[in-house]
Amino acid sequence: MSAPPASPPCRALGAYLAVVDSLAGGPWDGGIISVVSPHRGDGRSTVAAGLALTLARETEGPVLLVDLDVERPAQAARFGAAPEPGLCDCIDAPRRLRPAAVQVGRGLWLVPTGCGTPTESLRALEGVAEGGLLDECRASFTWTVLDLPPFLNDPAWVAPVVTGSDCCVLVGRHRATRVDALARTAALLARPVVGFALTADRSRVPAWISRCLGAVPAAGRPPRA
């Protein structure tokens, strides 16, 4: 297991703390958060990782990050975890969720996507929406953060998963994501949006995540509200 990740720097941490505060002030004492964006490249996976890290440090109880971007998974590599076993390996047996979860930080666990075929990956999303995996998340973890595929690319597959969650964080990319795309996404979400993150114009892995995980530094700036 890699060393426990450090908290994001002040500017990024403030954005994540604002979301955590909104959750603490809402009707939830834990729950499942869908992190969504209209398109690929909006910085959604980076925000999901930062939010999960912040929840693990600022709240009580275990936090789970689930990589549901079945076409281009990123979280296993980001946290230095093995890509399997993962979601595709436990979707037909939800009680295998805990064995598939690897601890990647203090109070933080990750379920990677796993190594499945494109058909198995689509089945995995369908299984999350219709099976008992989200119930298993609620039973085993205080907070679960879902890193979902780009919403407008495949709304028919993504929307049912969002419906099974408790709330959403919407992500857009500064000077790249169109306002109408954000509005369309927000209108299609079946759960309340408790936060909005506007990532910088370069949304590769920010230096703070690279440093704290011992990865090769990459250009980019942290998300800003």
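The values are calculated or read from the model by the stated rules, or taken from the named source; none is laboratory data. Note that the coordinates shown come from a computational prediction; the quantities given were computed from them, not determined experimentally. No Cβ is skipped: glycine too gets one built from the backbone with ideal geometry, and neighbour counts run over all protein chains shown. Please note that ligands, DNA and RNA were not included when accessible areas were found on the heavy atoms of the full protein model with its side chains. Shrake-Rupley method; radii C 1.70, N 1.55, O 1.52, S 1.80 Å.
Data table
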item: Extension reserve of the ALA156-ARG175 stretch, reckoned as 0.36 nm per residue once the Cα distance is removed; result: 4.1 nm
item: Order of exposure, largest accessible area first, which applies to GLU60, GLU130, GLU84 with probe 1.4 Å; result: GLU60, GLU130, GLU84
item: Inter-probe distance in nm under a simple model that places probes 7 Å from Cα toward Cβ, at GLN103 and ASP29; result: 2.5 nm
item: Amide proton proximity set for LEU65, modelled H, under 5 Å, gap of 5+; result: TRP109, LEU110, VAL111, VAL145
